[in-house]
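See below for the structure under consideration.
Please treat every number below as a calculation from the coordinates, not as lab data. Just so it is clear, the structure is predicted and the values come from calculations on it, not from any experiment. Reconstructed Cβ throughout: ideal geometry from the backbone, glycine too, with neighbour counts over all protein chains shown.
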Amino acid sequence: LSSSCGNSVWCGGASNSGSDGFEHIAASDLSKMIAALPGQRKIGAQFFMSGDVLHYVRSLKDKDERPIFIDPLGFSVPGKIFGYPYQEVVKMPTTSAVTTPFMAFGNLQYFAVGRRLGTASLMVNPYDQWKHNRTLFKIYQRWALKMAMPLGFVRLLTSTT
């Protein structure tokens, strides 16, 4: 959720000094995230957030008092926000400190994960578990993470006050 996402949207409304700050999320904030993602990059895009944030998103309504979160209970179709799927990610930030990114919108195809070749190392320890006829192996590898496409994601940040 660094600035390498390319786009940022800040939560509107009051300051985040409430119980956890996420009660200030508005439907317009999520709509701005969709609008900030350029043209064809919206294809296959999803919202990514923690369960703490999803709790507030489920109750959001647009300006005409229609819910933006559509959850077809009992169907095999996943729930959607403004027509886009969402993923609950346990590693997403759950703090509402000032200017903290806590939600993302984009397509994971625009995020590259690569293993660096020739940097794996293997450690063998036949001594610690010798009484149990076991040998311990430890493998270290280096992985690289990078935004593969500029402006491929939009992040939502808490307000500046």
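Quick notes on this one:
- Placing a label point 7 Å from the Cα of F111 along the Cα-to-Cβ line, the residues of region 47-61 whose backbone N sits under 12 Å from it are 47-50.
- Computed from backbone phi, the HN-Hα couplings of region 126-135 come to x, 9, 5, 10, 5, 5, 9, 6, 10, 10 Hz, rounded to whole numbers (Karplus: 6.51 cos²θ - 1.76 cosθ + 1.60, θ = phi - 60°; Gly and Pro given as x).
- Residues whose placed amide H lies under 5 Å from that of V89, excluding near-sequence neighbours: M49, S50, G51
- Here's the list of lysines a cross-link from K32 could span, going by alpha-carbon distance under 29 Å and ignoring same-chain residues fewer than 8 apart: K42, K61, K63, K80, K91, K146.
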